[in-house]
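Notes for the one structure printed next.
The values are calculated or read from the model by the stated rules, or taken from the named source; none is laboratory data. Keep in mind that this is a model prediction, so the values were computed, not measured. A quick note on method: Cβ atoms are made from the backbone with ideal geometry, for glycine too, and the neighbour counts reach across all protein chains shown. Surface accessibility is based on the protein's heavy atoms, side chains included, excluding ligands, DNA and RNA. Shrake-Rupley method; radii C 1.70, N 1.55, O 1.52, S 1.80 Å.
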Amino acid sequence: MNKIVGKKIFSENVVGLDIEAPRIAKARKAGHFVIVRVDEKGERIPLTISSADSVKGTITLVIQKVGVSSRKLTSLEPGDTVLDIVGPLGQATHVENFGTVLACGGGVGVAPLLPIVEAMKKAGNKVISVIAARNKELLILEDQIREYSDEVIVLTDDGSYGRKGLITEGMEEVIAREKIDHAVIIGPGIMMKFASMVTKKHNIPSIASLNTIMVDGTGMCGACRVTVGGRTRFVCVDGPEFDAAEVDFDEMLMRLNGYKAEELKAAEEYSCKVANK
Amino acid sequence: MANINTDRTEYLKQERSAPWREELRKSKKNKERTDIHRVEMPSAPPMERARSYVEVNMGLTVEEAVVEASRCIDCPDPTCVQGCPVGVNIPKFIKNIERGEFLEAAKTLKDTNTLPAVCGRVCPQEKQCESNCFYKIKMNREPVAIGYLERFAADYEQNSGNISVPEVAPSNGRKVAVIGSGPAGLAFAGDMAKLGYEVHILEALHEIGGVLKYGIPEFRLPNKVVDVEIENLRKMGVKFETNFIVGKTATIDDLREEGFEGFFVASGAGLPRFMNIPGENLVGILSSNEYLTRVNLMGASRSGMDTPVVKGKRVVVVGGGNTAMDSVRTALRLGAEKATIVYRRSLEEMPARVEEVKHAMEEGVEFLTLCNPVEYIGNENGRVKQVRLQKMELGEPDADGRRSPVVVEGSEFLIDADTVVVSIGVSPNPLIPQSLPNLKVTRWKTLDVDPDTLQTSIPDIFAGGDIVRGGATVILAMGDGRKAAASMHEYLQNKQ
Amino acid sequence: MVDLKTKYLGLELKNPIIVGSSGLTGNFESIERLAANGAAAVVIKSLFEEEIRMEYRHSLSKGLADQDSNLDFLDYFDYELKHDMLTRCSALIRDVKSRLGIKVIASINCSSAGEWFSYAAKLEEAGADAIELNIYRLETDVNMSAASISERYLNIVKKVLDHVSIPVAVKLPPYMTDTAYMAGQLAALGVKGLVLFNRFYNPDIDLESNRIVSGQVYSNPSDYAWPLRWISVLSGKVDVDLAASNGIHNAETAIKMIVAGADAVQLVSAIYKNGAGYLLDILTGIEKWMKARDFKDLEAVRSYGRSLKPADPGQFERVQFMKYFGDYSI
C-alpha cells in the first residue's frame, strides 16, 4: 500500500502523482521505472520514475490517460492509496560527460526524459532539448526541461504552441548547426522510430527508451521482448534503454498493438461505468 | 543430493512399535487388506470442467479415505518412505487416517512436509512414494493412493478450522531474510521460525506463493489452499513483504546493514525460454509464464479484472511437461475451440504427470506428438496465423535413455493457430546472480551450492529450490528449504 | 610486383588463402594471428549440430539432481545450447569484422533442415560476408538410394538460400556418385561456390586399449590429388567459384590448385602443424613462383592452367591404371 501525497494536473490528459515509496526513492536512479497496480482488479503497468525525493521518501510519476489503468490511477487524490508499487526496475541510464547531448522527447515521453536531462546536465554536458507534441494540451514539463537545458526547441504538429512541425525537423535543425555527441530519444513508438532514423543517418550514437507491454516487469514472462541488433532482449531487465540504431521498431510497434482491440473495448466499458456512477 | 531420510530407520521402527499401530495391524488380516482395489479419485466431468476453473480432482470422502488407508499393510521396512524426497512418515499418517484420527494424520504430515495440501495435489507420487510401495514392487499391483490420502488429511484439517500451528521457540533476537515466497522459501521460513528466528520473506510479485500462485492453475491447485498454508506461517510470526526485489529495491548489503544475518535465495526458475525460431515474436505467441501469470495471478479470465489475455480460438501449446498441460487446459477454459499440444517426442516420453495428460485428453485436447515447430507465419497485422511443423522420429537414445527426436526430411506441414504458448521449460531467474557478481553460477546458470549444506560461494547466503535445481518439483524445493534452514542455523550458531 | 587478388563468392580477397573451419578459427586471438600472417579470409568454426547434440547429452548425463524431476527443465535444453552457440558465434563474427580487415565466412554443419536455415539468417545479421554449408552425413541405410540422398541435400541448400541474401558456398563430401551432377544442380539453385572437399573424421581401432577411437586427424600431403582432379574437371564446366580443400600443405600444392582453376584454397592441417607464420611462407612461395614465371596475377596463372589441358583432355577423368603401368611386373 502506497499513499499518494501530492497531485499536479499538467493538462486534461496528463497528471503527476507524488507517492510514498521510501525504499524505491532511495535506490532510484535516472532511467528507472516502477510497476504499479492500482487495486485488486488492476493491471500491472510500467511507469517511469520522473523524479524522487529520498529525504521525503517519495517518487513522482507522470501519467498520461490512455487506458483503464492509467485512468484509474489519475483519478486518485492525495490521501488515496495505490495497492502495489515495485521497483526500481530496469537498468539506469548510462550518464557521462559526452559533450553535447541532444535530448528528444515526444508527447508524454518528456516525463521520463526529464530525469535524464537533469542527470546529463549535472554530468557536465551541454544539453539541447527538443520536445514536441501533437498539440498544446499534450505538451508537458516545458519549464522543468528548460531548467536543465542550455537550449530548448518546442514544436507542435498543429502549431498551437511553439513552432509548427514534427520533432524530426527540430532535430535536423540542431544537428545541422551543432556537433552532437550523444542523443536520447523517448516518446511514442512511432516517434522513436523516425527520430532514430535521423540520428542513424547522421551517425550520432543514440539511445531510445522503449515502452512495451509488460506484465510482471521482473524478467519472468517475456511479454516485453524486443529485437535489438538481431537478438531478443527483455525491456524490463535489459532495458528500457537500447542503442536506437539497433532496435527493430517495426516489430516493437506490431507487438504493441497486440492487445489494442481488448484495450479499446475495456476503455469504453470503463468510461461507461464511470459515466453511469 | 542426499535424501534426508537415511537415518530415519530407527525412528520409523520406534513409531511403528507404538501400541496403537500394533493394534491396528492386528485388526485386519493382510489378505483382507490386499483384496481391496485402489480407490479411484472422483473427478469433475470432463466436458463441463473444461470450461470452468473448478478443481478437477474432487477429493476422497471420509469412507473412501478410511478404506484406502486400510490397504496399507504398515510394512516393517516402509519402502515408500525411501521414495519420498523429504522422508514423510507415510505409514504413520496413513494409519492415523485408518483409525479416524484425521487431524493427527495432518500433524504427522506437517512434521516433515510444510505444505501437505499442496503436495498431495502436485507431487508426482507415481514417481516417488507410490512407485516404491510394497504393492507395486512386490505384487505389481496398484500402489496405495498415498497422494490422495495426503490431500485428504490436509484438506480435512484446513476445512475443520483446527489447523495445527507448530510450536515456535522463543525469539533468539536474530533476523534472516528469504528471497522468494515459493515452496522453498515457505518451507525454510517455517523451520527457521520454529527455531526462534525472526524471518522476513521478501517477494518480488504482489502475491505470496511464487509458482504455486502464478504457475499452477486453479483447477489443479486452488489459490485458497495455498493461502491457508501461508496464513499458518503468519501465525508462526513469519513476516511477508511483497513488491520487494532484492538486488533492486534494496541490495543484500543494504539488508546486512539492517541487521539480517543470513539469506536464503529461493527466487526460482522464472525466466521464460523461447525456441528462437523465425516468427516467434509475432503477436499472439507467448511464453507459458506470461500466459499462466495473466490468468492465475492477474485473474485475466475473470470478468471485472483489468488484465487482458489473448483468447485464441485455435491454440497451440509447444512442449510436453506439466506446464504445457496447464497451459493447454487453460486455453480450453479461456474458450478455445481447439487446443493442441505439439511435442517433439512420443506420448510415452512426455515429462508431464500421467494424470495430467489423461485429464487433458478427457477434456478434448488434441495431441500432435513427434512434431516440432520450425517457423511461425503471421497475417498482415503481425498476428500469428499458422505454424509450420515438421515430423520427427525417434533415433538413438540420449544419456537419459530416452530416444532422441530426429527430423524426418521433407515432412513439413502447416496448421492453423491464432495463439501459441511456448512451454519448453524455464531457466533460473537472473536477478540475484546479476546483482551479486561473486555468486558462483553453474553452466546451466543455476546457483552453485555445497550439496550437503546448500551454502553458496558467499557464506551468509544459502540457496535452494529451482534456482539451484533448474525447473524441478515443489517437494524437492521444500526439501531444500528445510535442509537449508538446518544448515543456516548451524552456521549462525557457530558464527555467534 | 605480383597481384595475388582473387574473387571468391563475389568477395574481393587480397590473396587466395582462406583458413578453413577448425579450432584455429574458433576464437578472436587465433584469428587475429592468422590475419596478421596474411590470411585473406577465415571460415569461422562451424555451428555444429552434432556438437550441440553431444553437449545436450552431456548435460543430461550430468543431470542436475534427480533425472526424473528435471525432465521439464532439460527436455528442450538443446535449444538453449543452440542459442548460446549462435550468440557466441555472432559475437565472434562481429568482433572479427569490426577489428580485423579480413573477410568472414560463417559455417554451418548440419545434416537436416530443421531450423538451421534460420541460423544462417542470424549469422548474416551478425555481419558474415558469406555462408559455408557443410551438410554431409554418412548414409548407412541400405535402402536409401543416391538419388534420394542427393535430393535431400538440395532441399536443405534451397531452404538456406531462401533465407539469406549473402553468398552461399557448399562444402562437398569427397566420394559422391554424382559429384558433377550435384555441382550443376547446386549452381542452378544459386549457390555461389563449392568447396572441394570436406575432410572426414575417421574412426580407428585401438588394439591396445581395445576401443574404437578417433583416427588420424590431419590430412596427408598426398590427399591433394582428389580435389585437384575435381577442380580441374569442374573448372569452366559449372558456373560457380571453386575453393580447394584438403592436403594443401605447401606453396607448390596451392599453386597447382590455382593452375587447375581454383579461385581460392583452404588450409587447416598445414597451419596446425606449422603455426600461423606458415601462411606467410606459402604466400611468399606463391609470389616467388609467379615472379619466376612472369605471371602478373592469378588470372594469368589460371590461363596457363587452361593451356595445359588440351594435350590430353581425358587425363583428369582417368581413374584406372592403364597399359602404362599394367606391363609393370615384379
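Observations
- Scope the stretch B:286-306; condition surrounded by fewer than 24 Cβ atoms within 10 Å (Cβ to Cβ) and within 12 Å of chain A (Cβ to nearest Cβ); matching residues: B:Leu297, B:Gly299, B:Ala300, B:Arg302, B:Ser303, B:Gly304, B:Met305, B:Asp306
One line per residue, one yes/no per condition, for (1) closer than 17 Å to B:Gly479 by Cα; (2) under 24 Å from the mean Cα position of the chain (by Cα); (3) open to solvent by 10 Å² or more (accessible area, probe 1.4 Å); (4) of a type in the set (Gly, Ala, Ser):
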position	(1), (2), (3), (4)
B:Thr34	no, no, yes, no
B:Gly59	no, yes, yes, yes
B:Val66	no, no, yes, no
B:Ile94	no, yes, no, no
B:Val118	yes, yes, no, no
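- Considering each residue of the stretch B:388-399 in turn, none proves to be within 21 Å of C:Phe117 (Cβ to Cβ) and within 14 Å of chain A (Cβ to nearest Cβ).
- If the condition is being assigned to a strand (DSSP E or B), within 14 Å of chain B (Cβ to nearest Cβ) and surrounded by 21 or more Cβ atoms within 10 Å (Cβ to Cβ), then the stretch A:63-83 contributes only A:Val82.
- Leading residue by the ranking (farthest from the chain's Cα centre (by Cα)) among those in the stretch A:37-56 that are within 14 Å of chain B (Cβ to nearest Cβ) and basic (Lys, Arg): A:Lys41
- Scanning the stretch B:404-433 for residues that are under 16 Å from B:Ile341 (Cβ atoms) and either of a type in the set (Phe, Trp, Tyr) or at the interface with chain C (Cβ under 10 Å from one of its Cβ atoms) (or both) turns up B:Pro405, B:Val422, B:Ser423, B:Ile424, B:Gly425.
- Any chance A:Ala183 is out of contact with any Cys (no Cβ under 8 Å at 6 or more places or on another chain), open to solvent by less than 10 Å² (accessible area, probe 1.4 Å) and in a strand (DSSP E or B): no
- Qualifying residue in the stretch A:11-19 (condition: over 14 Å from the mean Cα position of the chain (by Cα) and farther than 26 Å from A:Glu137 by Cα): no
- The criterion of at least 1 residues that are within 31 Å of the chain's Cα centre (by Cα) and under 26 Å from C:Glu55 (Cβ atoms) is met by the following strands (runs of 3 or more DSSP E) wholly inside the stretch B:359-427: B:366-369, B:371-378, B:384-397, B:403-407, B:419-422.
- Within the stretch B:392-404, the set of residues being at pLDDT 85 or above and crowded, with 19+ Cβ neighbours inside 10 Å comprises just one member, B:Met392.
Here's the yes/no breakdown for (1) of a type in the set (Gly, Ala, Ser); (2) assigned to a loop (DSSP other than H, G, I, E, B); (3) touching a strand residue (DSSP E or B) at 6+ places or on another chain (Cβ under 9 Å):
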{"site": "B:Lys213", "(1), (2), (3)": "no, no, no"}
{"site": "B:Glu218", "(1), (2), (3)": "no, yes, no"}
{"site": "B:Leu255", "(1), (2), (3)": "no, no, yes"}
{"site": "B:Phe263", "(1), (2), (3)": "no, no, yes"}
{"site": "B:Ser267", "(1), (2), (3)": "yes, yes, yes"}
{"site": "B:Met275", "(1), (2), (3)": "no, yes, yes"}
{"site": "B:Gly279", "(1), (2), (3)": "yes, yes, yes"}
{"site": "B:Leu286", "(1), (2), (3)": "no, no, yes"}
{"site": "B:Leu292", "(1), (2), (3)": "no, no, yes"}
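- Some residue of the stretch A:28-36 being of a type outside the set (Lys, Arg), over 20 Å from the mean Cα position of the chain (by Cα) and either within 26 Å of A:Lys265 (Cα to Cα) or not in a strand (DSSP E or B) (or both): no
- Test: residue in the stretch B:428-445 that is among the β-branched types (Val, Ile, Thr) and in a loop (DSSP other than H, G, I, E, B): yes
- Residues that are within 17 Å of B:Ala105 (Cα to Cα) number at least 3 in the following helices (runs of 4 or more DSSP H) confined to the stretch B:1-94: B:9-16, B:19-26, B:62-71.
- Being crowded, with 23+ Cβ neighbours inside 10 Å, over 30 Å from B:Glu261 (Cα atoms) and aromatic (Phe, Trp, Tyr) holds for only one residue in B:Phe134, B:Phe152, and it is B:Phe152.
- The set of residues in the stretch B:124-153 that are more than 16 Å from B:Gly87 (Cα to Cα), part of a loop (DSSP other than H, G, I, E, B) and out of contact with any Leu (no Cβ under 9 Å at 6 or more places or on another chain) comprises B:Asn140, B:Arg141, B:Glu142, B:Pro143, B:Val144.
- Residue ID - farthest from B:Tyr376 (Cα to Cα), chosen from residues in the stretch B:249-279 that are crowded, with 22+ Cβ neighbours inside 10 Å and more than 8 Å from every other protein chain (Cβ to nearest Cβ): B:Gly262
- Failed item, numbered, when B:Asn172 is tested on (1) surrounded by fewer than 23 Cβ atoms within 10 Å (Cβ to Cβ); (2) in contact with a Leu (Cβ under 7 Å, 6 or more places away or on another chain): (2)
- Flag if B:Gly190 is in contact (Cβ under 8 Å) with a residue 24 or more places away in the chain, open to solvent by less than 10 Å² (accessible area, probe 1.4 Å), within 21 Å of the chain's Cα centre (by Cα) and within 12 Å of chain A (Cβ to nearest Cβ): no
- Condition met for B:Gly209 (assigned to a loop (DSSP other than H, G, I, E, B) and within 18 Å of B:Ile467 (Cβ to Cβ)): yes
- Looking only at residues of the stretch B:307-352 that are open to solvent by less than 10 Å² (accessible area, probe 1.4 Å), closer than 30 Å to A:Gly42 by Cα and part of a strand (DSSP E or B), we find that the one that is nearest to the other protein chains (Cβ to nearest Cβ) is B:Val318.
- Residue list for the stretch B:446-473, filter: within 11 Å of another protein chain (Cβ to nearest Cβ), assigned to a loop (DSSP other than H, G, I, E, B) and open to solvent by 30 Å² or more (accessible area, probe 1.4 Å): B:Pro451
- In summary, strands (runs of 3 or more DSSP E) completely within the stretch A:216-259 and bearing 2 or more residues that are more than 9 Å from chain B (Cβ to nearest Cβ), open to solvent by 20 Å² or more (accessible area, probe 1.4 Å) and farther than 17 Å from B:Asn429 by Cβ occur at A:241-243.
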